[in-house]
Amino acid sequence: PLHWVWCRLQGIALSSLSAHGVTVEPGTRLRRLLDGGSFPVSSTHFTGIADAGRLRVSARADDGIIEAVELPGPRFVVGLQWHPEWEPLAGARSLSPFRALVAAALRK
């Protein structure tokens, strides 16, 4: 599907996509959205977040790399370093960030 098209356009072999474990921090908005603490994700990023600044680190890869951040407070600000859109067979968990974004937009 879409990730196959993206990979072809980028010249990336689908078989080279990296899956690795992510752990979501307790008490974060992301933890509530994803209803869980640890799971595998697909990502191809070659850059990362060194300093989250005033953002809260909400998930890390098994090697300690920051994989997700969020802005504390009522506004919906969540950033992911992985591709939930590449995980359609993972079920509700992969759709949760998109549903939450739409719900937040509709409240405005």
### Message
Could you check region 32-61 and list, in sequence order, the residues that are in a loop (DSSP other than H, G, I, E, B) and within 14 Å of the chain's Cα centre (by Cα)?
### Response
ASP35, GLY36, GLY37, THR44, HIS45, GLY48, ILE49
### Query
Can you name every residue in region 50-92 that is in contact with a strand residue (DSSP E or B) (Cβ under 7 Å, 6 or more places away or on another chain) and at pLDDT below 85?
TRP82, HIS83, TRP86, GLU87
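The values are calculated or read from the model by the stated rules, or taken from the named source; none is laboratory data. If you're wondering where the values come from, they're calculated on a predicted model, not measured in any experiment. Neighbour counts run over all protein chains shown; Cβ positions are idealised from the backbone, glycine included.
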